[in-house]
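A quick write-up on the structure given underneath.
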Amino acid sequence: MMGQMRVASLCLLLATTAVAGAGAQSASRPQRPISQAPIVEPRLTRLFGSDSLEMESPVLSPDGRWIAFSTYAAETSNLWVVPATGGEPVQLTTGRYGDNMPTFFPSGDRIAFRSDRPSSPGNPQQYVMVMPFDPQTGRAAGTPRQVSLESIAGQSLAVSPDGEWIAYGARSDTATRLMVVPSTGGTARKLAEFGGSVVWIQNLRWSRDGGFVYFSPRRRGTETASIMRAPVAGGRAEELGTMARRPLAIVPDRGLVLQRIDQGQGPGQVPVYEIVTFGGRAVARFATPRNMQLSKLTPDGRGLLASRSNLVAPIRVVPVAGGPARQLTEAREYDWPVGWSPDGAHVYVQTRANGHEGILRLPVDGGPATQWPIPAEAKQPFAISPDGRYFAYGLTEPAHSGDLRTLVVRRLADGQTRVVTRAAHVGSSAVTGPGGRYRNGAEFFYFELRGDRLELWSTPPEGPSRLLRAFPASYAGRTGIGVHGNRIAYTEKRGDSTAVFVAEGQNGRPHLLATIAGKADQPTWSHDGTWLAFDYNPPGEGSRYGVLLIGVGANGAVTAPPRVLEAGPQWGWQIEWLPDDRAFTVFGMTGQANQTHVFLVSLRDGERPVALTRDDPSTRWGYSLSPDGRYVAYPAEIPRGSSIWRVDLGDLLTGGRRTSR
């Protein structure tokens with residue numbers, strides 16, 4: 001599901017930047033490079049496996065007798081429980097809902113979880129819910145009950161030590177808040193509030209005495225993260241430390257943080273984790289098997305539960321003009337489309353074969369494939385040049401802080417590499433070229449942050465880079481950017497509205513195209529440069545996704561007033577134009593649990609969006625449109641079962657240095 005989402009181009013890795021926003025009280029600390037730490041081998045114990053269930057987010061009950069977890073299928077996510085010593089699983093919730101992230105109460109007789117059950121039709125939102133649980137029989141002891149009145153933001157809930165309160169994150173159009181609500185329902189109370197740079201509240205954890213809630217605000221456009229705590233009795237939240245990577249778990253009583261440091265997203269990536277103190281001192285480093293996802297800490301604090309998926313995703317192509325999908329790769333690994341040849345006759349696929357990662361050049365209409373190995377140091381997503389002669393990738397070096405990468409271009413014919421920059425910055429925004437491609441023709445985008453300047457660069461596979469434009473550093477991670485020749489489009493958030501600008505070259509004065517009510521992001525130029533399309537959400541929480549369209553002349557004047565097109569999904573992203581610029585494709589979720597499609601959207605009035613993947617029951621989390629507009633390639637997820645594991649770290653988490661805080 002969402003954990004399988006990966007990026008199909010280098011620009012989402014390197015053409016992005018990071019700036020930490022300000023919210024509650026915080027101390028400004030420099031980013032620390034990831035330090036070397038002793039390597040340990042955790043003890044892995046397989047607790048339960050299933051050939052039919054796709055399990056995630058396992059959590060152990062306080063008495064250690066039960067494991068609760070969520071499962072997901074194409075349109076459903078429900079809660080289950082299984083004895084920790086093995087046995088038959090029991091389904092706790094049913095129906096076509098999105099129930100996930102179970103959390104036991106300290107008493108063991110209730111389970112808190114996220115769910116879209118209270119949502120109104122056509123507007124699915126996640127809420128805090130609580131379900132009675134019988135710890136003697138391992139079965140539900142009543143029906144789920146809604147606890148929070150507002151929808152929640154983030155993938156973390158935390159129950160207080162006395163079971164009286166539940167902490168969660170909430171988000172409006174203008175702010176993200178840390179909230180606590182009585183576990184039996186009632187009026188929620190705000191503990192901390194952040195501005196628009198914070199999009200989620202993550203890694204919630206109560207102090208042992210229940211006096212503080214520890215958490216990590218996820219800020220837009222940065223891999224670094226703050227560790228904070230908020231007093232439950234009232235007062236300002238304080239920052240305790242800054243991590244070079246986004247944390248996965250916080251251990252308040254020991255002042256420790258668990259973070260994933262490799263950040264690799266390729267098929268079958270082996271995850272590498274590090275335990276660090278709030279002050280940034282590395283305590284230990286360890287790896288887990290590929291496809292294993294760590295979940296929550298065990299009640300004794302000595303380890304974590306984890307799920308390991310056997311999910312595979314062969315590449316399928318579906319004709320844009322209509323027709324059935326065809327499968328191009330075997331269902332052995334989680335494959336991903338990373339590009340096309342200029343004529344659309346071949347698709348480039350990232351895969352894993354014989355234990356090694358590589359790129360396949362597959363003819364769409366059949367025939368032998370060509371394979372190239374991926375260098376072992378290329379731990380990040382990458383892009384391949386249209387002619388198939390080069391690929392670019394990012395890597396992390398020991399001296400790098402959380403937002404720095406080295407950008408390397410490799411020539412496939414002889415393996416020769418060229419370092420483009422050792423100061424590329426990463427984050428959550430993206431740059432697109434003509435048609436919505438994540439390249440500038442045959443060139444690759446990247447950002448560098450120099451003092452108070454955010455610089456957008458473009459580099460050919462061979463030859464010098466060129467500066468496209470510099471922005472204020474405050475823009476980092478806060479706007480998507482669209483490039484067409486010498487014209488650069490971007491947006492600025494202004495209260496509940498969005499201002500859309502186009503600027504000419506490095507020094508051209510920005511021209512305000514329009515100010516739009518709601519949120520417009522990721523400007524995407526048509527191939528001929530006469531249209532700009534944007535991901536768009538009107539004002540209001542839970543508003544439905546659409547595509548904002550503005551006609552633009554060569555002189556930057558508006559030739560067609562802004563209008564919003566129905567796109568199909570409830571939440572959408574990744575606009576790619578067809579070659580004739582009369583239609584585009586967009587990807588998104590329909591509102592049903594985990595149901596995703598690629599939609600074809602026409603500019604002609606009266607034509608409704610068409611789900612190109614409607615006849616394929618598989619789940620997918622991305623796609624790539626061929627340059628000739630004939631095909632859409634996507635990874636089609638096929639469940640092959642999963643397992644739940646205990647990852648025992650001994651006294652690394654319980655015997656670390658106790659923080660003075």
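Please say if the range 528-661 is rounded, prolate or oblate, where rounded means a/c under 1.5 for a ≥ b ≥ c the square roots of the C-alpha gyration tensor eigenvalues, and otherwise the choice is prolate for a/b larger than b/c and oblate otherwise? Note, shape of the range 528-661 comes out prolate. In a reduced charge model with +1 at each Lys and Arg Cβ and -1 at each Asp and Glu Cβ, the chain shows a dipole moment near 1320 debye about its Cα centre.
Projecting the Cα atoms of Leu157, Gln136, Ser119 onto the charge dipole of the range 83-218, computed from C-beta unit charges around the Cα centre, puts Ser119 farthest toward the positive end.
So what does log10 I(q)/I(0) come out to for the chain at q = 0.06 Å⁻¹, using the Debye formula with one equal point on every Cα and no solvent? Once normalised to I(0) and log-transformed, intensities are -0.32.
Sequentially through the range 481-496, phi angles give Karplus couplings (6.51, -1.76, 1.60; θ = phi - 60°) of 10, x, 10, 9, x, 8, 9, 10, 9, 7, 10, 10, 7, 10, x, 8 Hz, Gly and Pro residues having no value and appearing as x. With contacts taken as Cα pairs under 8 Å at a separation of at least 6 residues, the chain carries a relative contact order of 17 percent.
Estimate the FRET efficiency between Arg494 and Ala473 by the formula 1/(1 + (r/R0)^6), using the beta-carbon distance for r and 22 Å for R0, to the nearest 0.05.
Details: r = 19 Å, r/R0 = 0.86.
With R0 = 22 Å, the Cβ-Cβ based efficiency is 0.70.
Translational diffusion of the range 355-474, estimated by Stokes-Einstein from the Kirkwood radius over alpha carbon pairs at 37 °C in a medium of 0.692 mPa s, is 211 µm² per second.
Diffusion coefficient of the range 500-561 by Stokes-Einstein, Kirkwood radius over Cα pairs, 10 °C, 1.306 mPa s: 128 µm²/s. Amide H contacts under 5 Å for Gly211: none, restricted to partners 5 or more places along the chain or on a different chain, H placed in the peptide plane at 1.01 Å from N. Backbone amide hydrogens, once placed in the peptide plane, bring Ala84 within less than 5 Å of Trp66, Ile67, excluding anything fewer than 5 places away on its chain.
In nm, what is the difference between 0.36 nm times the number of residues separating Leu149 and Ile638 and their Cα-Cα distance? Display every interim value, and only then the final one.
Numbers: separation 489, 0.36 × 489 = 176.04 nm, distance 3.59 nm.
Gain in length upon complete extension: 172.4 nm.
Label positions at Arg139 and Asn310, each projected 7 Å from the Cα along the C-beta direction, are separated by 2.9 nm. With the charge dipole of the chain set up from +1 on Lys and Arg Cβ and -1 on Asp and Glu Cβ about the Cα centre, the Cα lying farthest toward the positive end among the listed residues Pro58, Leu248, Val586 is that of Leu248.
Would you kindly state how much longer the chain becomes between Ala560 and Arg189 on full extension, computed as 0.36 nm times their sequence separation minus their alpha carbon distance, in nm to one decimal? Don't skip to the end; give the middle numbers.
Working: separation 371, 0.36 × 371 = 133.56 nm, distance 4.62 nm.
Here the answer is 128.9 nm.
Our coupling estimate for the range 510-520, obtained by passing each phi through the Karplus curve with A = 6.51, B = -1.76, C = 1.60 and θ = phi - 60°, is x, 10, 6, 7, 6, 10, 10, 5, x, 10, 10 Hz, Gly and Pro reported as x. Dipole magnitude for the range 46-203: computed about the Cα centre from +1 point charges on Lys and Arg Cβ and -1 point charges on Asp and Glu Cβ, it is near 260 debye. Judged by the mean number of other Cβ atoms found within 10 Å, the most tightly packed of the peptides 638-646, 449-457 leads the ranking 638-646, 449-457. Can you work out the base-10 log of I(q)/I(0) for the range 268-315 at q = 0.14, 0.23, 0.29, 0.32 1/Å, using the Debye formula on its C-alpha atoms alone? Taken in order of the listed q values, log10 I(q)/I(0) reads -0.47, -0.96, -1.15, -1.18. In order along the range 610-624, phi translates into HN-Hα couplings of 10, 7, 5, 9, 4, 8, 9, x, 5, 9, 9, 10, x, 7, 8 Hz, rounded to whole numbers, per the Karplus curve 6.51 cos²θ - 1.76 cosθ + 1.60 with θ = phi - 60° and x for Gly and Pro. Distance from the Cα centroid of the range 501-564 to that of the range 410-443 is 24 Å (rounded to whole angstrom). Under the convention that each Lys and Arg Cβ holds +1 and each Asp and Glu Cβ holds -1, the size of the dipole of the range 516-615 around its Cα centre is about 180 debye. In the chain, a dipole from Cβ-located charges (positive for Lys and Arg, negative for Asp and Glu) runs towards its positive end, and of Gly435, Ala84, Thr351 it is Ala84 whose Cα lies farthest in that direction. Summarising the amide proton neighbourhood of Leu612: residues at separation of 5 or more, or on other chains, whose placed amide H is nearer than 5 Å comprise Val598, Phe599, Leu600.
Taking neighbour counts of Cβ atoms within 10 Å as a proxy for exposure, in what order, fewest first, do Leu652, Leu191 appear? Could you put the intermediate results ahead of the total?
Details: Leu652 21, Leu191 24.
Starting with the residue having the fewest Cβ neighbours, the order is Leu652, Leu191.
Just so you know, all these numbers are worked out from the coordinates, no wet-lab data involved. Please read these numbers as outputs of a predicted model, since none were measured by experiment. Glycine gets a Cβ as well: all are built from the backbone with ideal geometry, and neighbour counts include every protein chain shown.
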